[in-house]
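J.: Structure in C-alpha cells, see below.
Here, each number is a calculation from the coordinates, and none is a lab measurement. Keep in mind that this is a model prediction, so the values were computed, not measured. Note: ideal-geometry Cβ built from the backbone for every residue, glycine included; neighbour counts use all protein chains shown.
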Amino acid sequence: MVGASGGYRHFHDELAVLKQRLLAMSERAESLVELSMEALYERDADKAQAVIDADRDLDTLEVEAEDLAISLLALQQPMARDLRFLIGAIKVSSDIERIGDHAVNIAQGAIKLVECGAPMPVVPSLAEMARSARVMLRDGLDAFIRADGALGRAVKRADVQVDALHDGVFRVLVTHMMGDSHTIPPSLELLLVSRNLERIADLATNIGEDAVYLAEGKQIRHRFELTEGQTTQELRPEPGTAE
C-alpha cells in the first residue's frame, strides 16, 4: 500500500499528472474527430491528412499514460478507489487511443470522397452523431476523472440516441443508393463514417461505465449490474437456457 506521508503526497502528485494526461488525450481525440468531420464536409484532403498525422501524438500519450499507471501500480500498491482508478486509467487511455483511430478512419474516408469526385448525399444526422459522440467523450472522461457515477450513467444512456441516429443514416443512404446508382460509392463511404462515429460513442460509453465502477464499485457493462455480494458467475444463464 501507499507508504508514509511523503510517499502518499508523491503518489497523489503522480495521480494528478496521470489525470492531466488523460484529459490531454481526451481533448486531442475530440479535436481529431471534429477535424475529420470538417475534412469530410469540406472535401479537404489537407485537413484529413492532418488528422492522420496527428494520431501519432495520441499514440504517444497513450503509452505515457499506461506506463505511468503501471509504475504506480507496481511501486505504490494502492488500495480501494486508487487501485480502481489506476486499472481504469489503463483501459480509458486505450479507449481514447482507439477513438483517435476511428477519427483517422473518417479522415481516410474523406480523402476517398475527394478522389472519387461524386456528389455526396446530404445526411444531416451524421453531423448530429459527431456532435453527440464528442460530447459523450468529454462527459465520459469528466465522469471518470471526478468519479461521478451519475454522469457516467448519463453517458451510457446517451449511446442509445447515437445508435438510433446510426440506424437512420443507414436507411437514408440505402434510399439514396436505390434511387441513383451514382450515389453508391459516396454512400458506402458515408456508411463507414457513420459506423466509425457509432464506435466512438461506444468507446465513450466504456469510459462512462469505468467512471461508474470507479465511483461505486459496480459493473454496469453488458446491461447488468452486480449487486453487493453478487458474483459474475451468478449472472450466467443455466446450461440450455437463453440469455
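J.: Evaluate the distance, in nm, between pseudo-label points positioned 7 Å from the Cα of Q77 and of A16 along their respective Cα→Cβ axes.
T.: Once both label points are built, they end up 2.6 nm from each other.
J.: Round to the nearest 10 and give me the degree value, 0 to 90, for the angle of helix 80-116's Cα axis relative to the longest principal axis of the chain.
T.: For helix 80-116, the angle is close to 10 degrees.
J.: Another one. Kindly state, to the nearest 0.05, the FRET efficiency for D180 paired with E216, given R0 = 45 Å and r defined as their beta-carbon distance.
T.: Once the sixth-power term is evaluated, E becomes 0.30.
J.: Here's a follow-up. Any chance you could count the Lys pairs in the chain whose alpha carbons are under 30 Å apart, treating pairs 8 or more apart or on different chains as valid?
T.: Pairs that pass both the separation and distance tests number 9.
J.: Dipole magnitude of the chain about its Cα centre, charges +1 at Lys/Arg Cβ and -1 at Asp/Glu Cβ only, in debye to the nearest 20?
T.: 440
J.: Between the helical axis of 149-179 and the dominant principal axis of the chain, each derived from Cα atoms, what acute angle in degrees is found, rounded to the nearest 10?
T.: Taking Cα atoms only, the helix is inclined about 20 degrees.
J.: Taking the Cα atoms only, what angle lies between the long axis of helix 45-76 and the longest principal axis of the chain, rounded to 10 degrees?
T.: Once rounded, the angle reads 10 degrees.
J.: Contact order normalised by length for the range 5-235, with contacts defined as Cα pairs under 8 Å and 6 or more residues apart; what percent is it?
T.: In percent, rounded to a whole number, it is 24.
J.: Ranking request for peptides 201-214, 141-154, 94-107, 45-58: highest mean number of other beta-carbon atoms within 10 Å first, then the rest in descending order.
T.: 201-214, 94-107, 141-154, 45-58
J.: Quickly estimate the mean residue ellipticity at 222 nm for the chain, helices only: each DSSP H run with n ≥ 4 gives -39500 (n - 2.57), and the total goes over all residues, rounded to 500.
T.: -29500 deg cm²/dmol
J.: While we're looking at this one, here's another question. Hey, if you put +1 on the Cβ of every Lys and Arg and -1 on every Asp and Glu Cβ in the chain, which of L15, G217, S71 ends up farthest toward the positive end of that dipole?
T.: Selected residue: G217.
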